[in-house]
Every structure is written in C-alpha cells, then in structure tokens.
Amino acid sequence: MANHSSSAEPRRKLSFHEITGLLHYVRPWRGRFALAMVALLVSMSFGLCFPLLIGRLIDSAMPTEAALRVTSWHPSINTVALLLAGTLAIQAVLTFFYSYTFNFVGENAVVRLRQQLYDTLLSLPMKFFGEHRVGELTSRLSNDLTLLTDTLAGTVPQALRQMMMLFGGVVAIVAISPRLSLVMVSTFPVLMLVAVFLGRKVRRVSREAQDRLAESATIIEETFQGIANVKAFTNERYEVQRYGVGLHAYLNATLRGVRRRASLVSFIILGIFGSITFVMWYGATLMQAGRLSHGQLTTFTLYTLFVGGAVSSFAEVFSQLQRVLGAQERVQELLGETGEPAAEAGALERFRGDVEFAGVGFSYPSRPDLPVLRDLSLAARAGEKIALVGPSGAGKSTIVSLLLRFYEPDIGRILIDGAEAHTLALGSVRGNMAIVPQEVLLFGGSIRDNIAYGRPQATEEEIFEASRRAHCHEFISRFPEGYGTLVGERGVKLSGGQRQRIAIARALLKDPAILILDEATSSLDSESEALIQEALAELLIGRTSFIIAHRLSTVRQCDRILRDRAGDHDRKAARTRS
Ligand SMILES: Nc1ncnc2c1ncn2[C@@H]1O[C@H](COP(=O)(O)OP(=O)(O)OP(=O)(O)O)[C@@H](O)[C@H]1O
C-alpha cells in the first residue's frame, strides 16, 4: 500500500508560495522557530569560516610571497588553531540548539495537526466513511503526517543550510580567484545536465519497479483472501506461477533501474573527481606562477566541495518537498471536509419519545439508483415497542441509521416528538438514543470505562446500579480486580452473553428515551439467555424501542411489527398484540 502510493506520487511543480505554506503549521511556535533559524544561520556562518581558517593555517606554516600578499594579518599557527577550535565549539553548541528546536517544533506541530485531523475525521458524516477505506484514512494519519514532521524538522533546515553553503561558497571562491572559479564553474553545466538526464531515467524506471512490486503484492493479497477457493480448486501451482510472472516483471524493471543507477553513480564519481583534478591542476599552475598561495588553493578546494555537496543535495531536497506537498494537499483536503454539526450532547433536550416516519424514501449516496426504503410510514408513540422484521437486506439497519441521523431521507419526513428530526440539535437526537448492537464491541480498557461509555460523567454508584439492573454486577464482582478488570486484547475475554449485558448496562446508564436493539442471532445457553431477557425487560420499560428481532418470542412482546417479507419493499404495519 505504502509502496504503491509512493510510486503513484505525481510529479508536481514546486511553488514558493506552497513551500512557505508549510510554515503555516509552525505558527504557534514561530518564536522558537525563528530563533532556531537564527542559530542555523550563525552556525553556518561559522561553518563557512572553516575553509578560510584552514587556508590561513597552511599559509602560516608556509609564508610564501603569494601568502604574504593575500592579507596583512599573519597569525601564528597556534592562534589559528585556537580560532578553529573556538569556531568548532560554537558551531557544535548552535547545531545542538537548532536541530533540537527544529525537531521540537516539527513534532509539536504535527502532533497538533494529527489531533486536529482525527477530530475532523470523527466529526465527518457516515457518508464519508462509506466512500473512504479505513486503510486510506489511517495512512493519512500515519504516513502523510510523518512525512510532514520529517520535512519541518529535517528538510526545511537542510534546504536553508545547503542554500547558504552554495551562496557563501560561490562568493568565497570568486573572491579568492575569479579565474579558477571560472574554470570550476565551467565544468558544472556539463556535469549537471548529464546527472539530471540520468537521474530522470532512473526515477522513471524505479517508479515502474514499484508499480510491478505493488502488482505482485496484489496477487498475494487476492490469493490469501480467497485461500479456501485456491485450495478447493487445487490452484496452488497456478497462483505460484502467476506470482512468479509478477516477480519477474519486477526483477526486470529493477535491474534496468540498477544499471542506470550504477552508470549515474559512476558518472557522478568520475565527474566530481575529474573536476576536482581539473581545478587542482589549474590551481597548481597558478600556485607555481606565484599567483595563488598554498592556503588559498586549500581554501578554494574546500569551498568547492561545499558547493558541490550543496548542489548534489538539492535533488533530494526537491523530491522530498514534492512528496510532502502531495501529502499536505491530501491532509488539507481532509481538513476541509465539512463535518456534522457538533454532536456532543451539550445542552441535552430530553425527548418524550414519539417517533414518526412519514413517506420516507431513501437510497445510499454511493448507490443512488438503488432505493432501499420506499414510502415508509410508521408512527410509534412514546414507550411503544416496534419489531423490525424482514429478510437480510430488507433495510432494517437502514431505518435505524436514518433514526440516528447518520443519513437524511431523500423524501418524506422523520418526526421526533412532533418536530422534524433535522431541525433538532444532532447532539440531542443522538443523546436521547442508545443502541444495543448484535455484536458488542468492547474497547481495550477497564469494564468500568466500558460501561461509563454510555455517560462518561456517571458516578461510581450509578455505574454499579446500572450493572445490577443489567445483571452484570455479579460476574464483574467475581473478577479479582472487579470493575477495574481490563477487557480487550490484553485483558479478560468476556463471553457473548456477558458482553451483551455490559452493553445493556451502558444503555441503562445513558437512560435514553429511544432505544435501538439489534437482537443477537447466535444462541446462548438458557441461563445466560434468561439473564439477558430479564436485563432487556428492565431496559425497555418506558422507552420507545425499535427492535431488529430475530426470535418469534421477541416479536410477540412488541406492540407493532414492521415487516418486509421478501425484501420487495412491500411493507405493511400491522397491529398484533398477542
Ligand atoms: N453503506 C451502504 N452503502 C450502500 N448500500 C448499503 C449500505 N448499507 C446497506 N446498503 C444496502 O442497503 C440494503 C439494506 O441494507 P440493511 O443493512 O439496511 O439491511 P438489513 O435488513 O439490516 O439486513 P441484515 O438483516 O442482513 O442486517 C442492502 O441492499 C444493502 O446492500
């Protein structure tokens, strides 16, 4: 997945505006960031003094005529050595400071962004989650944001550093010997042109190799997903062969890339050493003619290395910036999605529990041509129990989703206590409802936390009370750590019946006016079943309940049945009090 996305990364033009846009994320720490910048600039200035001092050190040892002509300042070897030591010490301290600060700001900025993104994602409507894959969203939260941290903490400072090296270096070499600079610079365009040309070819091939690898990964994924099929049809050989063909294509593309990369590397090494030799040769002739001192040539060579290093690092900086701008665009896209109006149950309005569906028609946004509900009408007075019965795919869960306002109906109205649901605060609508699902999902935490999920501000006593009424107090108390017992991967594993009763306790704690119950289809032993039935009876009292029913006994206890016999949307409501 990661491979694939990186290989599919489109090439894009970098604009100055976009790059500076990245700095937007560090605004809350702009003081520190600016200070780190200053430290970086000062540290680099000291770094640029280094070749100069080394040159002076050599000239102090060999005070030739040419050396004496360079400057009137002729310090002793030890003075220069001390200055060098001082420069290095200051540089070390500043480097520690700026690299720590850039990382501090980068990490903080991205932690904040992660939080913001998670916040936005959670507020998005269900429609959004129907259209995006979970893998894609977690990849945004992890990969894209990690890339952003690396850039803010690493690439931005690196780009600044290299830019300074380049300009400082070029100015220095021109100042030392314009002639020699001309010779050096003349070798550059040829080198750069060939490197860019070869680099482009390498990139194209390595992208192709990544695509081939992603394709063969897809073969593995498909095979493992359908492993039962593969084995049943004894197609193992066939799959191995299919994978082999994919791998071969990858290998061919990779080797093509390797050949090109090898020629690029050998060319670059030849180019660098060749131009240094060329420059040194010309420098040596200047030195022989007494027009350049030993120290100057050394200084010149060191600056040349600085400039060469800076130029060669730009390719990497650019590709990193390109990748991060792509990532940033995707993150911004997500941040720009419109969320649901705040669903927190702030000022909760207490509903009576009258619910009415009036001529409701609905199809899912992803499949607009396939109506799921057509002209559904149903009125439930406060406290009534409605059984939703019908074959799989009839639309029972869809009715519940509309009630919870995960989606809005295409036509018709849903009324709660006589008011149109979409005019009520979303927080109040959901705050007045609780759902006991068929498969209860417990979070990795304590049993107490899991029950309090229904009302996080509930007191300990209220939690105990809800557990007693849901018949789970007894089994929880039997655990050595009681309500503090951890559930989930690292804790105890609860049975299906126990988890259901915890979900009932959770709903009791929430004390909703409207209850949605998706009855479990799996059969439990009769004792567990009896406990759940008792707990449910307690929970249903005085609430409007929508029960997705699978058992006749449950249906019998309901006031009304909404039935879809064949999934042909021919629904009729019938009163069947037994
Ligand atoms: N998120 C969705 N996007 C698109 N179509 C959906 C979505 N959820 C359900 N459907 C479709 O809507 C129809 C009704 O589904 P729903 O889940 O409401 O049925 P159900 O009666 O609850 O079935 P079951 O008893 O199997 O849970 C089905 O045809 C299903 O394929």
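Checked across region 10-21, the condition of being surrounded by 18 or more Cβ atoms within 10 Å (Cβ to Cβ) and assigned to a helix (DSSP H, G or I) holds for no residue.
Contact map, region 85-105: first residue touching a residue at least 12 places away in the same chain (Cβ under 8 Å), second residue of a type in the set (Phe, Trp, Tyr) and part of a helix (DSSP H, G or I), Cβ cut-off under 6 Å, separation 6 or more or different chains; pairs are Thr87/Phe46; Ile90/Phe46; Gln91/Phe46; Val105/Trp29; Val105/Phe33.
Residue-wise test of (1) part of a helix (DSSP H, G or I); (2) among the hydrophobic types (A, V, I, L, M, F, W, C); (3) surrounded by 14 or more Cβ atoms within 10 Å (Cβ to Cβ); (4) modelled with pLDDT under 90.
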site: Ile220; (1), (2), (3), (4): yes, yes, no, yes
site: Gly244; (1), (2), (3), (4): yes, no, no, no
site: Thr254; (1), (2), (3), (4): yes, no, yes, yes
site: Tyr282; (1), (2), (3), (4): yes, no, yes, yes
site: Thr298; (1), (2), (3), (4): yes, no, yes, no
site: Ser313; (1), (2), (3), (4): yes, no, yes, yes
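Taking region 306-338 as the range and being without any contact (Cβ under 8 Å) to a residue 12 or more places away in the chain and under 13 Å from Gln162 (Cα atoms) as the test, only Glu316 passes.
Within region 476-531, which residues are of a type in the set (A, V, I, L, M), over 37 Å from the mean Cα position of the chain (by Cα) and at pLDDT 90 or above?
Residues of region 476-531 of a type in the set (A, V, I, L, M): 476, 486-487, 492, 494, 502-505, 507-509, 513-517, 520, 524, 530-531.
Now restrict to residues that are over 37 Å from the mean Cα position of the chain (by Cα): 476, 513, 524, 530-531.
If the condition is that a residue be of a type in the set (A, V, I, L, M), over 37 Å from the mean Cα position of the chain (by Cα) and at pLDDT 90 or above, then Ile476, Ala513 are the ones that fit.
Hey, any hits in region 202-214 for a residue that's touching a Phe, Trp or Tyr at 6+ places or on another chain (Cβ under 8 Å) and charged (D, E, K, R)? Yes: region 202-214 contains one or more residues that are touching a Phe, Trp or Tyr at 6+ places or on another chain (Cβ under 8 Å) and charged (D, E, K, R).
Residues that are polar (S, T, N, Q) and either at positive phi or surrounded by fewer than 17 Cβ atoms within 10 Å (Cβ to Cβ) (or both): does region 459-467 have at least one? Yes; the residues of region 459-467 include at least one that is polar (S, T, N, Q) and either at positive phi or surrounded by fewer than 17 Cβ atoms within 10 Å (Cβ to Cβ) (or both). Take the conditions (1) under 23 Å from Glu519 (Cβ atoms); (2) small (Gly, Ala, Ser); (3) surrounded by fewer than 17 Cβ atoms within 10 Å (Cβ to Cβ); Gly418 misses just one of them, which is (1).
Could you check region 97-195 for helices (runs of 4 or more DSSP H) lying wholly inside it with 2 or more residues that are away from the ligand (no atom under 16 Å from the Cβ) and outside the structural domain of His24 (by TED's automatic domain parsing)? Full working, then the answer.
Details: elements: 126-131, 134-139, 145-150, 156-176.
Where helices (runs of 4 or more DSSP H) fall fully within region 97-195 and carry at least 2 residues being away from the ligand (no atom under 16 Å from the Cβ) and outside the structural domain of His24 (by TED's automatic domain parsing), they are 156-176.
Somewhere in region 348-365, is a residue within 24 Å of Ile411 (Cβ to Cβ) and within 30 Å of the chain's Cα centre (by Cα)? Yes, that holds for at least one residue. The set of residues in region 117-154 that are surrounded by fewer than 13 Cβ atoms within 10 Å (Cβ to Cβ) and closer than 30 Å to Tyr100 by Cβ comprises Tyr118, Asp119, Thr138, Ser142.
Out of the residues in region 440-458 that are surrounded by fewer than 15 Cβ atoms within 10 Å (Cβ to Cβ) and free of Cβ contacts under 8 Å to residues at least 24 places away in the same chain, which is farthest from Pro371 (Cα to Cα)? It comes out as Gln457.
Regarding region 51-61, can at least one residue be identified that is surrounded by 13 or more Cβ atoms within 10 Å (Cβ to Cβ), among the polar types (S, T, N, Q) and at pLDDT 90 or above? No, the conditions are met nowhere in region 51-61. Taking every residue in region 495-522 that is assigned to a loop (DSSP other than H, G, I, E, B) and pairing it with any residue that is surrounded by fewer than 24 Cβ atoms within 10 Å (Cβ to Cβ) and aromatic (Phe, Trp, Tyr), at least 6 positions away or on another chain, the pairs with Cβ-Cβ distances below 6 Å are Ala513/Phe351. Filtered by the rule that a residue be under 17 Å from Ala315 (Cα atoms) and buried (at least 17 other Cβ atoms within 10 Å of the Cβ), region 161-170 gives Arg161, Gln162, Met164, Met165, Leu166.
Do we have Leu415 as at pLDDT 90 or above and within 16 Å of the ligand (Cβ to nearest atom) here?
Working: at pLDDT 90 or above: yes; within 16 Å of the ligand (Cβ to nearest atom): no.
When the stated conditions are applied, Leu415 does not pass them.
The values are calculated or read from the model by the stated rules, or taken from the named source; none is laboratory data. The shown structure was predicted, so the numbers you read here are calculated from the model rather than taken from an experiment. FYI the Cβ positions are ideal-geometry reconstructions off the backbone, even for glycines, and counts take in every protein chain you see.
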